[in-house]
Amino acid sequence: MPATRPLLSTLPWVAALLLALPLAAMARPFPADALRGELVVTAPPEVRVNGQPQRLAPGVRIRDADNRLVLSGTLQGQKRLVHYTRFADGQLREVWLLTPAEAAVQPWPHTPAEAAAWRFDPLAQRWAKP
């Protein structure tokens, strides 16, 4: 009987690990107001999105493909495909550098007008054109 006690005490940990594995492989959820674009950091906080000059908001969160926060200066001069959100004043609020799998999800709106006209399924992380 003593040999089974350690096994029973580790069983919940093993079960928790097995349940957490699918969560680790899950795609990042993007908000419905996230647009897709090509980002080039020129001179932080100045950037270009789809070739147009933009500005990063103070406290902007830029996340890499592993969802880690990165500083805008480390991306200077690079062209990166991203999803991004804005504050009401137009400054970029959040930026996600896309993985190849995330970039392959089509369609994804590039403009607020497209996002307003299309339907977004937040669970499937998919957009549908009308």
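The values are calculated or read from the model by the stated rules, or taken from the named source; none is laboratory data. Values in this document were obtained by computation on a predicted structure and should not be read as measured data. Here the Cβ positions follow ideal geometry from the backbone for every residue, glycine too, while neighbour counts run over all protein chains shown.
Taken together, the residues in segment 86-96 that are closer than 15 Å to V41 by Cα and either without any contact (Cβ under 8 Å) to a residue 40 or more places away in the chain or not hydrophobic (A, V, I, L, M, F, W, C) (or both) amount to 3. The residue of segment 87-117 that is surrounded by the fewest Cβ atoms within 10 Å (Cβ to Cβ), among those that are more than 21 Å from A27 (Cα to Cα) and touching a strand residue (DSSP E or B) at 6+ places or on another chain (Cβ under 6 Å), is F87.
The residues of segment 113-130 that are within 13 Å of A34 (Cβ to Cβ) and in a strand (DSSP E or B), listed by number, are F120, R126, W127. Only residues that are at pLDDT 95 or above and surrounded by fewer than 13 Cβ atoms within 10 Å (Cβ to Cβ): list them for segment 17-31, please. Once the filter is applied, which keeps residues that are at pLDDT 95 or above and surrounded by fewer than 13 Cβ atoms within 10 Å (Cβ to Cβ), segment 17-31 yields P29, P31. Pairs are defined by a Cβ separation below 7 Å, a sequence spacing of at least 6 or placement on different chains, a first member in segment 68-85 that is free of Cβ contacts under 8 Å to residues at least 60 places away in the same chain and farther than 20 Å from F30 by Cβ, and a second member that is surrounded by fewer than 16 Cβ atoms within 10 Å (Cβ to Cβ) and among the aromatic types (F, W, Y); no pair meets this definition.
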